[in-house]
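Chemist: Mind looking over this structure? Questions follow.
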Amino acid sequence: MSKIAILTSGGDAPGLNACIRAVVRAAIFHGLKIIGIHRGYDGIIEGDFFEMDAASVSNIIQRGGTILKSSRSERFKTPEGRETAFQQLKKAGVEAVIVIGGDGSLVGAKYFTATYPIPWIGIPKTIDNDISGTDYAIGFDTASNTAMNAIDNIRDTAESHNRIYFVEVMGRNSGSIAYKTGISVGAEAIYIPETNTDLQHLFKIFESGWSRKKSSLIVVVAEGDEAGGAFAISKKVKEKFPQYDTAVCILGHVQRGGSPTCADRVLASRLGVATIDALLSGQKNIMVGEVKEEILYTPLENVLKRQLKITPAMTELIDILSI
Ligand code: ATP
């Protein structure tokens, strides 16, 4: 093998650049040529390729976003789109593809490799941390820390005004950011898609918190919570307790950007180098993950979307800490 390609696909996440850097440097270290593909799967279809060298990834380990750009490609979902992608890769002499992406991107890689002989290796990134085969996906730690820092700031305002804040964090189908962030900011309650939203329980927390003269309350809500998100929950609380001063803050896309944390930079670097090791040792059509600090290779067809498991102990933790 002498020439490989790398791309980023799906929504961006902090740590993508650190991972691109690691893949490029490890490839060059081992004497491989490496082609960068712009704009994810759309970029393969359009042949938007360029050769990368060690200097092309200088000074990016600390930067959010992706120097390769990303996209969601409807064309790649079709057999015709994947055929065009194959022809473009063949024309450029690409012998293996590395994709840094979420579960959708990895499904796309699985379909491609089921038909075409070019091997692919996937590296998991998603701020939702909902991919099996790895303890953490690139981006989750940074997104959680960004949300935590933002809510710490909101707590200052909440305290100053004796106000209740409903803070919505990312997670259409996953409560991972909401759960971890909620614990880390001392939230009075956390609502996520994986559990039922019990508003009577929330009302009791408010009554007991206010009766012992708490000067602020923070409720962290994942955007996909079945009660309808932070605005919907806030409305119900206001109907029950019109005397409370309430406010809603939607954190939104700030959680996707920013400089990656130390944990995300190290994870991204390690997975990037492990990917080249995997290719050189003849592995193909796998995802490279890290489980209990060991590198784990999972065949692409076995990679699944993972759901956060909420145990009774996790629920109890929130209840104990918010009295
Ligand atoms: P994020 O975690 O940000 O959602 P993702 O990789 O899951 O990242 P998706 O938009 O789901 O993001 O997928 C990225 C791309 O992967 C899609 O735009 C599409 O090109 C490709 N893809 C997703 N699902 C399939 C599929 N079933 N068949 C072929 N390609 C797919």
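Chemist: Residues being away from the ligand (no atom under 14 Å from the Cβ), in contact with a strand residue (DSSP E or B) (Cβ under 9 Å, 6 or more places away or on another chain) and free of Cβ contacts under 8 Å to residues at least 40 places away in the same chain: count how many of those fall in region 31-66.
Modeler: 9
Chemist: Considering each residue of region 115-154, count those that are among the acidic types (Asp, Glu) and more than 13 Å from the ligand (Cβ to nearest atom), and give that number.
Modeler: So the answer is 3.
Chemist: What's the number of the only condition in (1) more than 16 Å from the ligand (Cβ to nearest atom); (2) part of a strand (DSSP E or B) that ILE28 fails to meet?
Modeler: Tallying (1) more than 16 Å from the ligand (Cβ to nearest atom); (2) part of a strand (DSSP E or B), ILE28 fails exactly one: (2).
Chemist: A follow-up question, please. Collect the residues in region 73-107 that are in a loop (DSSP other than H, G, I, E, B), within 12 Å of the ligand (Cβ to nearest atom) and either closer than 26 Å to ALA278 by Cβ or of a type in the set (A, V, I, L, M) (or both), keeping them in residue-number order. Break it down into steps so the answer makes sense when it comes.
Modeler: Just the residues of region 73-107 that are in a loop (DSSP other than H, G, I, E, B), to begin with: 73-74, 78, 92-95, 102.
Still in the running and within 12 Å of the ligand (Cβ to nearest atom): 73-74, 78, 102.
Answer for region 73-107, where residues must be in a loop (DSSP other than H, G, I, E, B), within 12 Å of the ligand (Cβ to nearest atom) and either closer than 26 Å to ALA278 by Cβ or of a type in the set (A, V, I, L, M) (or both): SER73, GLY102.
Chemist: Next up: When the residues of region 108-136 are filtered to those that are outside any strand (DSSP E or B) and of a type in the set (Phe, Trp, Tyr), which remaining residue is surrounded by the fewest Cβ atoms within 10 Å (Cβ to Cβ)? Give the derivation first.
Modeler: Step one: list which residues in region 108-136 are outside any strand (DSSP E or B), which gives 108-119, 126-130, 132-136.
In the following step, the residues that additionally are of a type in the set (Phe, Trp, Tyr) were identified as 111-112, 116, 136.
Numbers: TYR111: 14, PHE112: 24, TYR116: 17, TYR136: 19.
Selected residue: TYR111.
A quick yes/no check of all residues on (1) surrounded by fewer than 19 Cβ atoms within 10 Å (Cβ to Cβ); (2) at negative phi; (3) hydroxyl-bearing (Ser, Thr, Tyr):
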| position | (1), (2), (3) |
| --- | --- |
| LEU267 | no, yes, no |
| THR275 | no, yes, yes |
| SER281 | yes, yes, yes |
| GLU293 | yes, no, no |
| LEU300 | no, yes, no |
| LEU308 | no, yes, no |
| ALA313 | yes, yes, no |
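Read-outs: derived from the displayed coordinates by stated rules, not from any lab. What you see is a predicted model, and the numbers here were worked out from it, not measured in a lab. Methodologically, a virtual Cβ is constructed for each residue, glycine included, from the backbone with ideal geometry; neighbour enumeration extends over all protein chains shown.
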